[in-house]
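Shown next, in structure tokens, is the structure this report addresses.
The values are calculated or read from the model by the stated rules, or taken from the named source; none is laboratory data. Since the structure is predicted, the reported quantities are computational estimates derived from the model, not experimental observations. All Cβ positions, glycine included, derive from the backbone under ideal geometry; neighbour counts span all protein chains shown.
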Amino acid sequence: MAKLLLEISQATKYFAGLRAVDDVNFRVFEGQICGLIGPNGAGKTTLFNIITGFLSPTSGKVIFNETDITGTAPETIAKMHLVRTFQQTNMFSHLTVFDNVLTGTFLLNRYNLWDSIWKTKNFRNNEDELKKLTYQTLRYCEMEHLSSTRASNLSYGNQKKLGLAIALATRPQLLLLDEPAAGLNNKETMQMASILKKIQKDFGITILLVEHDLKFVMSLCENIVVLNHGQKIAEGPPNTIKEHSKVVEVYLGTNHQHNSH
Amino acid sequence: MNKTNLIKALSFLSLFSIPLIISNPYYGDVLIIYCIFVIYALSLDLLLGYTGIISFGHASFFGLGAYASAIMTLKLHLSYWLGLLIAVGITAVVAFLIGSLTLRKLKGIYFAIVSFAITQVFRFLVVEWETVTNGAAGIASIPPPEINLIFEKIAFKSEQSYLFIVIAFVILVTLSLYRVVNSGLGRAFLAIREGEDLARSIGIDTCKYKKIALVISAIIAAISGSLYGHYISAIGPRIFSLHYVSLPLIIVIVGGKGTLLGAFIGAALFFVLPEFLGFKPEMKMVIFGLLLLMSIIYMPDGIASKLGQIRDKFFVKNGEIKNGKVTVRN
Amino acid sequence: MDLLLQQLFNGVVLGMTYGLVASGLSLIFGIMGVLNFAHGELYMIGAYITMFLTKAYGLSYVWGGLIAVGLVVIISFVLERVAIGPILNRDYMSPFLSSFALSIILANLIQYVFGANPKRLPSPFEIPIEVKGLILTQQKILIIVCGIAVILALNLVIKSTKIGKILRATSQNVTAASLVGINSSRTYMYAFGIAGGLAALSGILLAPLINLYPTMGSTAIIKGFIVVVLGGLGSISGAVIGGLLLGSAEVITATFFGSGWKDVVGYIILIAILIWKPTGLFGKTSD
Ligand SMILES: Nc1ncnc2c1ncn2[C@@H]1O[C@H](COP(=O)(O)OP(=O)(O)OP(=O)(O)O)[C@@H](O)[C@H]1O
Ligand SMILES: [Mg+2]
């Protein structure tokens, strides 16, 4: 069995009486691609925010790499190589694609203020490395031809890919992706899926992703967790989830709509 | 030293010939004030243009630098250089304290308002603490900087000699800032400006780096304030007024924020151009108020970035790929 | 005791003008989300126009004042159209900075036209009245009466008239308001006009008690900031309460510590509140 990487136990979050996340437990193992699905408002993003420190849970625990990270600041969690992307496109819009990804390498800086003012050897070597890494990451996400474009001028699909590239540039151990394929067309969705598979294989990065496109999730993920009204209603490999009665009810039942936006 | 470095070094050295060419003290005066406010505006640009923090209290640091170094030299009889160092140190500590108190909680206009209120508290302290600051009357006959050579003292009294000093500081500050904004630190600042959540998600401690930006910026503002005080030789509580708050804002926004070059362009428009046109001071402020307004509405990135766009049309862009290699502009 | 009472009365008068200035500031912030730096200049211009009308055309204080309020409302309309409306949706900083530019323009324009020297605006209501040892003037009473009347009227307008409904709808949700056919950009213009009128009115009322000078706007706007922070940004009743609190605090501080301390107390209150409770003492705790 692979190593346990992330453990969420009894995570609960109330927003003024609303139980956005309600006693959720699950685990992510090293090297997996895991899916987190559920209808709109199920609490997926809230759970991501809890894991990455953007919200502290009302109760419950998040354990990453055997360390309790509950309530830790987002930047500290990122330093532990747990990095997330955002549901709304999120990028440094006034910068070029290249500078966006280069900014993502922030944690790999190995020089100080003095080095940068005097342009010491250490500075130049480290910057060269980071720029190489940036270029590599861009090539990985098939965006190198766009590297001098201003991020705000990118198409929606490319903005999503840029969000992924920025996160990837941090060299994470666990990557949390909030709807990486939302709003992408068929071709772009397939490209995204193949990039994610490559990332997992080549870098050994573990991925936990939220997605409404079930075909996308089923084709990628080994393990899927289903949330509804903040509660975990099912967990298991794609085949089991597909047939799970509660999941079928939630996704096909008449009182829920599952529009992906 | 390779060829391009040699050319760069020579071109910087050549700037020092400016004081030799300009013998007219009037033009010397205009240039000195220009240089001092370029430094002041550069310091604000780091905060406003790069980090996206809007400060209406930059005069705190400008004034603190001016007052502290004047008091050091005049009352404690320290040399200018030691006084400057201490003034910069004091300002850095004050900026750190202000940053620690305010930057975590306050964003946007709230920080702008508080920073202005802090400036007014400084003004009050300077007026009330008469034994040290001479109160409302201000400090007069601040001595010019001196260099103590073995045989004789050289005082930088004339416009020509003072111009040497301010040019040296302009070069020093510009180069340092240029290197800073093109390093990981500068990228952290830009990331904060562009979106704090995303910045935090990639490991940037936004609060810490905002504080660093504030302290660096305050240090540079203190240098310009000190140079200002020792040049005009008399300062008063007015140095903390809205006027000194608005000058760097106008210069940076009209010139172009987040570019460094903008400070040079804006200050040239503000301090050099009117000398040739001969406006009344109020009319000058009306015109620059209008310029500021038009910049904000029609050209939010300022003149410098318009120039940048033109440059990008003709030269390779940062990150552009040419012959399979990424070009990186340094 | 009498002295303290007298000072407190003066504090209330001062606070009422602060409240009048701040209520317009707060109104605009509540509806448009803009902190208008040029608000103080509208206050200053109101007083200057009145002074000009009384001097140049021999109008009475009351008529000059009324016309000045009208003119400032029109000026506010224009300023909103030109400098605030077009950049309202860009980012939160731009309208603030452009109103700052307006403030520079207006203050220096007035200084160019009228000079930097202080000017007087005499009022026919400066006759002192003595009530149980308290020395009042009709002008001061006028300020209190106008203050109360205006705040009541403003609250009434916002609660129960059509334009008030539009203002409230727009402040709560611009998109929803535009869906039911409210033209938000025209609403903003109205809000700006009302606020400008209030600013001018307070300038005209206070001017006879103080001197007119071109930088009086920036002094007033800072007080306005303190007051709206005290009362909670966006709350009009809060602005009046905040104004009274600040006015009294200033007067009491001046009595006990000397007049040099009068202004700094407001700054310290402002800094302390923003650091301690950024939404203001009476502000809502939403975003
Ligand atoms: N900051 C907040 N304050 C109050 N309620 C919130 C907040 N954030 C989320 N919620 C509520 O919590 C619930 C869960 O929201 P969440 O964004 O986690 O859902 P989601 O599963 O990501 O949905 P979607 O698929 O639409 O992205 C929703 O009802 C939402 O309105
Ligand atoms: Mg979501």
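Worth pointing out:
- The residues of the stretch A:1-35 that are within 19 Å of A:Ser56 (Cα to Cα), of a type outside the set (D, E, K, R), within 16 Å of ligand 2 (Cβ to nearest atom) and away from chain C (no Cβ under 14 Å), listed by number, are A:Ala11, A:Leu18, A:Ala20, A:Val21, A:Val24.
- Among the residues of this structure, B:Leu97 counts as one that is surrounded by fewer than 24 Cβ atoms within 10 Å (Cβ to Cβ) and either of a type in the set (Lys, Arg) or within 30 Å of B:Ala188 (Cα to Cα) (or both).
- A:Phe106 vs. criteria within 13 Å of ligand 1 (Cβ to nearest atom), at the interface with chain B (Cβ under 8 Å from one of its Cβ atoms), buried (at least 18 other Cβ atoms within 10 Å of the Cβ) and within 16 Å of A:Pro172 (Cα to Cα): no
- Condition check for B:Leu269: away from chain A (no Cβ under 14 Å), among the hydrophobic types (A, V, I, L, M, F, W, C), within 30 Å of B:Val286 (Cβ to Cβ) and crowded, with 21+ Cβ neighbours inside 10 Å: no
- Inter-residue pairs, beta-carbon under 8 Å, first at positive phi and in the stretch C:230-247, second hydroxyl-bearing (Ser, Thr, Tyr) and in a loop (DSSP other than H, G, I, E, B), 6+ apart: C:Gly232/C:Thr279
- Qualifying positions in the stretch B:98-129 - among the small types (Gly, Ala, Ser), more than 9 Å from chain C (Cβ to nearest Cβ) and within 25 Å of C:Leu25 (Cβ to Cβ): B:Ser115
- Being hydroxyl-bearing (Ser, Thr, Tyr), without any contact (Cβ under 8 Å) to a residue 24 or more places away in the chain and farther than 27 Å from B:Leu177 by Cβ is a property that holds for A:Ser155.
- Filter result for C:Arg90 (in contact with a Pro (Cβ under 9 Å, 6 or more places away or on another chain), under 24 Å from C:Arg186 (Cβ atoms) and among the charged types (D, E, K, R)): yes
- Residue within the stretch C:242-263 that is within 28 Å of C:Leu71 (Cβ to Cβ), surrounded by fewer than 24 Cβ atoms within 10 Å (Cβ to Cβ) and within 12 Å of chain B (Cβ to nearest Cβ) present: no
- Condition met for A:Leu174 (more than 16 Å from ligand 2 (Cβ to nearest atom) and surrounded by 18 or more Cβ atoms within 10 Å (Cβ to Cβ)): yes
- Any hit, the stretch B:155-169, residues being over 29 Å from B:Asp29 (Cα atoms) and at pLDDT below 95: no
- Only one entry in A:Lys161, A:Lys187 is of a type in the set (Lys, Arg), surrounded by fewer than 17 Cβ atoms within 10 Å (Cβ to Cβ) and away from ligand 1 (no atom under 16 Å from the Cβ), namely A:Lys187.
- For the stretch C:36-54, the condition holds for no residue, the condition being that it is at pLDDT below 90, part of a helix (DSSP H, G or I) and either surrounded by 24 or more Cβ atoms within 10 Å (Cβ to Cβ) or not aromatic (Phe, Trp, Tyr) (or both).
- Single condition A:Thr76 does not satisfy, out of (1) of a type outside the set (A, V, I, L, M); (2) on the phi < 0 side of the Ramachandran plot; (3) within 16 Å of ligand 2 (Cβ to nearest atom): (3)
- Of all the numbered requirements in (1) within 13 Å of chain B (Cβ to nearest Cβ); (2) surrounded by fewer than 22 Cβ atoms within 10 Å (Cβ to Cβ); (3) closer than 11 Å to C:Ser23 by Cβ, C:Val227 misses one, and that requirement is (2).
- Restricting the stretch A:27-63 to residues that are assigned to a strand (DSSP E or B) and under 22 Å from A:Lys197 (Cα atoms) leaves a set whose member that is farthest from ligand 1 (Cβ to nearest atom) is A:Phe29.
- Scan of the stretch A:164-184 for residues that are under 22 Å from A:Thr206 (Cβ atoms) and within 16 Å of ligand 1 (Cβ to nearest atom), ordered by number: A:Leu176, A:Leu177, A:Asp178, A:Glu179, A:Pro180, A:Ala181, A:Ala182
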